[in-house]
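One structure is given below, encoded as structure tokens.
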Amino acid sequence: MNYKKIPNTSLNVSEICLGTMTWGEQNDEKEGHEQLDYALEEGVNFIDTAEMYAVPASPLTQGKTEEIIGTWFAQKKNRDQVILATKVAGPSRGFQHIREQLDFSAASLEHALNHSLKRLQTDYIDLYQLHWPERNVNIFGVRDYNYNVNEQWEDNIAAIIERLEIFVKQGKIKHIALSNETPFGLMRYMEEHRKGAMKMVSVQNAYSLLNRRDEIALTEVLHKENLGYLPYSPLAFGQLSGKYLHGATPENARVTLFPNYSRYHGKASFEATMKYNDLANKHGLSLTQMSLAFVRQQPFVTSTIIGATTMDQLSENIGSMNVILSEEILNEINDIHSQIPNPAP
């Protein structure tokens, strides 16, 4: 396993981060613990979760993922071996079962953090992330910014950082970060940092062979502002494993179980996936490992968040660390990307 520092921190994280959002829904506690044990044995020291997990979001499973991680910490007594990231849910999106008021007010942040700490059975979070912005943005499969959106968003970025800094001073959080954020949002946080506020050290966004839109503008911000990048969904909800090709509906797969997760199942996504699958076969690679290796090799990527529901999947995903894509393969990937750019933003 290779490791990288999240910029502006002392956090030396594995280049593979273990995502956990299926635990408590598709995976039970025993399976979650098994994945954690295996990942740690393979050198993974970075775990990502969120207060809203498991997915799909439900009052019946909310917080279950953090609880599974918490019981593992309690059994193994190994909290000091893990760099732990979690997230506080932003407003709307139908998650009122989490808390009556979903925002980044002082009360909401305190409620979210303290409940996460309790479920995780720890007294600190290494990386605390805002799961999505309070303002309306074009994320979660929305391609274009809506100029006509009717919202009364007041810029409270400075206040949000100030509230989070209180928890840092209390020792409950080590570093603060963002998720599902745009170049505008990221730069607003950097503006406040220039005025003396604490720095957001990383951003966690969807990024894969089917969704490279962050390369258009966000990566420039990452580079110039020296920020970490933690891509999630590098396999595009399993689409880039190839398991949905040719009309397949694999049993117990996420999109089979939950058809609403159709973000990566448009016609262009299938066309691109088929081309990437043919390319992987040409070079004697699995589509899964080629897709993960591509993300890992990007110069702006700090750690790639993988997720699995079976141990075979987890083994293959972590094993992608041993795959190095040649310049020839990377050029052929970019040829396909130029033909079908960002089919699933």
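Structure values in brief
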quantity: Number of positions in region 102-156 that are among the aromatic types (Phe, Trp, Tyr), buried (at least 20 other Cβ atoms within 10 Å of the Cβ) and in a loop (DSSP other than H, G, I, E, B); calculated: 2
quantity: Close pairs from region 140-165: first farther than 29 Å from Asn260 by Cβ, partner open to solvent by less than 50 Å² (accessible area, probe 1.4 Å) and in a loop (DSSP other than H, G, I, E, B), Cβ under 6 Å, at least 6 apart; calculated: Ile160/Phe104; Ile161/Ala197; Ile161/Met198; Glu165/Met198
quantity: Qualifying residue in region 96-104 (condition: polar (S, T, N, Q) and under 18 Å from the mean Cα position of the chain (by Cα)); calculated: no
quantity: Candidate set from region 1-21 (those that are open to solvent by 10 Å² or more (accessible area, probe 1.4 Å), among the polar types (S, T, N, Q) and assigned to a loop (DSSP other than H, G, I, E, B)); member that is nearest to Pro234 (Cα to Cα); calculated: Asn2
quantity: Number of positions in region 289-301 that are within 17 Å of the chain's Cα centre (by Cα) and open to solvent by less than 10 Å² (accessible area, probe 1.4 Å); calculated: 6
quantity: Pick from region 35-46, criterion open to solvent by 20 Å² or more (accessible area, probe 1.4 Å) and outside any helix (DSSP H, G or I), ranking: farthest from Thr71 (Cα to Cα); calculated: Glu42
quantity: Count of residues meeting criterion [touching a residue at least 12 places away in the same chain (Cβ under 8 Å) and open to solvent by 40 Å² or more (accessible area, probe 1.4 Å)] in region 242-266; calculated: 8
quantity: All positions within region 23-34 that are open to solvent by less than 10 Å² (accessible area, probe 1.4 Å) and either modelled with pLDDT under 95 or of a type in the set (S, T, N, Q) (or both); calculated: Asn27
quantity: Cβ pairs under 8 Å, 6+ apart, first in region 333-345 and assigned to a helix (DSSP H, G or I), second open to solvent by 30 Å² or more (accessible area, probe 1.4 Å) and of a type outside the set (Phe, Trp, Tyr); calculated: Ile336/Lys275; Gln339/Lys275
quantity: Among the residues listed as Asn317, Asn281, Asn322, Asn277, the single one being without any contact (Cβ under 8 Å) to a residue 12 or more places away in the chain and either open to solvent by less than 10 Å² (accessible area, probe 1.4 Å) or more than 24 Å from Glu34 (Cβ to Cβ) (or both); calculated: Asn281
quantity: Criterion: among the small types (Gly, Ala, Ser) and closer than 30 Å to Leu40 by Cα - qualifying residue of Ala268, Ala236, Ala217; calculated: Ala236
quantity: Within region 271-317, considering residues that are among the β-branched types (Val, Ile, Thr) and assigned to a helix (DSSP H, G or I), the one nearest to Val221 (Cα to Cα); calculated: Val295
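The values are calculated or read from the model by the stated rules, or taken from the named source; none is laboratory data. Please read all numbers here as calculations on a predicted model, not as lab measurements. All Cβ positions, even for glycine, are placed from backbone atoms using ideal geometry, and neighbour counts span all protein chains on display. What goes into the accessible areas is simple: the full protein's heavy atoms, side chains included, and nothing from ligands, DNA or RNA. Shrake-Rupley method; radii C 1.70, N 1.55, O 1.52, S 1.80 Å.
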